[in-house]
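Enquirer: Questions regarding the structure given below will be posed in turn.
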Amino acid sequence: MMHRSAMPAFRPGAVWSSVSECARGESGRRVGKVLLGAALLGIGLKVYGRYRRYQRRQRWNQAGKDVVVLHQFERGTNCPNLSPFALKLETFLRMAGIKYVVDTEEPQGSRNKCPWITFNGQELSDSELIIDVLTQHFGKPLKEKLTPAEHAVGRAVQVMLDEHTALAVFYKRYVLDRGCYMVKCVPKKYRALLVILTLFFFSAMKKFFYTVGMGRFSEEETMFFLRRELRALEDVLGDKPFLLDSTPTTYDAAVFAQLTQVIYACAPEVERYVRSSHGALIQYHERMKDKYWPDWEQCRAE
Ligand SMILES: N[C@@H](CCC(=O)N[C@@H](CS)C(=O)NCC(=O)O)C(=O)O
């Protein structure tokens, strides 16, 4: 072993001169050119990306006064959108008679969440916050005559579905079934990409679901939660045509969107279960579909 005092002293000047000597050599110059090229390409791509982003925003800002630009994922094969939050928002826009155009070039905005909107030059995200802003702006376009207690029931149902039922559906889709059924629900052109992404991000997804809690449960336990929530939803619905009233309210947008995922975009056995055990929910879904999605078939991807 070398004695400490016998070790050669570290001299930064010497290191620098051997690096610069190496860089002056033929291979050093070649490496330098490659690095410079890669850096310039990276900067170029970033600048081009920013420019395209700027151009898109210019275009969206010209959609017209009070016209919503709804940024969301492309249509699914079984239903108009595989994001329940995007489907909720689009359903709300239809219910409220608000003019909108759809963009699928940038489905996740600056908060990296789908959906988001551009509205009168402003960018807004989160389906609930967006519905609230639009409701204020358009002077409560849905004429709801609900008591505070009914509003509370509506909110509780919406939060149950958006924050818990949706997690159970996503967990079944992406982890328990490893995306096998989802592949059939996305347009053909994205199938290979979905398979690669699922393989690549599978452990990250598992970790995410474990962190939020749902990932700690078995398939049987997850389905137990799902069945219990569908039962609760059917009990709140009772024999009313819509969730809380004889006419639809804002809460129906969330119910319809989450129910769509459960029936059409979770798993074939889940769809069979709902059809055989929850006729009232199926009829409710048909009622909403007929009223607000007469173009349902045209809104399905190949
Ligand atoms: N609370 C949000 C939820 C939106 C949301 O989670 N969207 C999903 C798609 S279904 C998403 O963008 N996920 C991407 C991510 O979380 O990184 C809303 O209501 O808009």
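The values are calculated or read from the model by the stated rules, or taken from the named source; none is laboratory data. Computed from a predicted model, the values in this text were never measured in an experiment. Neighbour counts are summed over all protein chains in view; Cβ atoms, including those assigned to glycine, are modelled from backbone coordinates with ideal geometry.
Enquirer: What are the residues in the range 112-121 that are within 13 Å of the ligand (Cβ to nearest atom) and assigned to a loop (DSSP other than H, G, I, E, B), if any?
Expert: Within the range 112-121, 112, 113, 114, 115 meet the criteria.
Residue-wise test of (1) closer than 25 Å to residue 95 by Cα; (2) modelled with pLDDT of 95 or more; (3) within 19 Å of the chain's Cα centre (by Cα); (4) not basic (Lys, Arg).
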residue	(1), (2), (3), (4)
136	yes, yes, no, yes
154	yes, yes, no, yes
159	yes, yes, yes, yes
166	yes, yes, yes, yes
178	no, yes, yes, no
202	no, yes, yes, yes
205	no, yes, yes, yes
222	no, yes, no, yes
227	no, yes, no, no
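Enquirer: Hey, residue 75 hits all of (1) within 14 Å of the chain's Cα centre (by Cα); (2) more than 15 Å from the ligand (Cβ to nearest atom); (3) not small (Gly, Ala, Ser) but one; which does it fall short on?
Expert: Of everything listed in (1) within 14 Å of the chain's Cα centre (by Cα); (2) more than 15 Å from the ligand (Cβ to nearest atom); (3) not small (Gly, Ala, Ser), residue 75 misses just condition (2).
Enquirer: Can you give me the number of residues within the range 41-62 that are over 18 Å from residue 102 (Cβ atoms) and either of a type in the set (Lys, Arg) or outside any helix (DSSP H, G or I) (or both)?
Expert: Here the count works out to 4.
Enquirer: Can I ask one more? What single numbered condition from (1) under 15 Å from the mean Cα position of the chain (by Cα); (2) surrounded by 13 or more Cβ atoms within 10 Å (Cβ to Cβ); (3) free of Cβ contacts under 8 Å to residues at least 24 places away in the same chain fails to hold for residue 182?
Expert: (3)
Condition check ((1) under 22 Å from residue 163 (Cβ atoms); (2) touching a residue at least 60 places away in the same chain (Cβ under 8 Å)) across all residues:
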residue	(1), (2)
28	no, no
32	no, no
46	no, no
68	no, yes
115	yes, no
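Enquirer: Which of the following residues is more than 20 Å from residue 159 (Cα to Cα) and within 22 Å of the chain's Cα centre (by Cα): 254, 301, 280?
Expert: When all the criteria are applied, what remains is 301.
Enquirer: Report every pair of residues separated by at least 6 positions or lying on different chains whose Cβ atoms are under 7 Å apart, first residue within the range 84-112 and modelled with pLDDT under 95, second not aromatic (Phe, Trp, Tyr).
Expert: 109/71; 109/123; 109/125; 110/123; 111/125
Enquirer: Can you list residue pairs whose Cβ atoms sit under 7 Å apart, with the first residue in the range 196-221 being of a type in the set (Lys, Arg) and the second being assigned to a helix (DSSP H, G or I)? Count only pairs 6 or more apart in sequence or on different chains.
Expert: So the pair list comes out as 206/175; 206/215; 216/210.
Enquirer: Same structure again: Might you check whether a residue that is within 11 Å of the ligand (Cβ to nearest atom), outside any loop (DSSP other than H, G, I, E, B) and among the small types (Gly, Ala, Ser) occurs anywhere in the range 92-111?
Expert: no
Enquirer: Just to be sure before I move on: is residue 157 assigned to a helix (DSSP H, G or I), of a type in the set (A, V, I, L, M) and surrounded by 15 or more Cβ atoms within 10 Å (Cβ to Cβ) in the structure I sent?
Expert: Yes.
Enquirer: While we're looking at this one, here's another question. With 172, 88 as the choices, which residue is part of a helix (DSSP H, G or I), within 16 Å of the ligand (Cβ to nearest atom), more than 15 Å from the chain's Cα centre (by Cα) and charged (D, E, K, R)?
Expert: Just one listed residue meets the conditions, 172.
Enquirer: Related question: Any chance you could count how many residues in the range 106-144 are surrounded by fewer than 16 Cβ atoms within 10 Å (Cβ to Cβ) and of a type in the set (A, V, I, L, M)?
Expert: Of the residues in the range 106-144, 2 are surrounded by fewer than 16 Cβ atoms within 10 Å (Cβ to Cβ) and of a type in the set (A, V, I, L, M).
Enquirer: Could I ask something else about it? Residues to consider are 162, 126, 132; find the one that is without any contact (Cβ under 8 Å) to a residue 12 or more places away in the chain and either more than 16 Å from the ligand (Cβ to nearest atom) or among the charged types (D, E, K, R) (or both).
Expert: One residue alone meets the criteria, 132.
Enquirer: May I pose another question? Return the total of residues in the range 245-262 being surrounded by fewer than 22 Cβ atoms within 10 Å (Cβ to Cβ) and touching a Leu at 6+ places or on another chain (Cβ under 8 Å).
Expert: Summing the residues that are surrounded by fewer than 22 Cβ atoms within 10 Å (Cβ to Cβ) and touching a Leu at 6+ places or on another chain (Cβ under 8 Å) in the range 245-262 gives 2.
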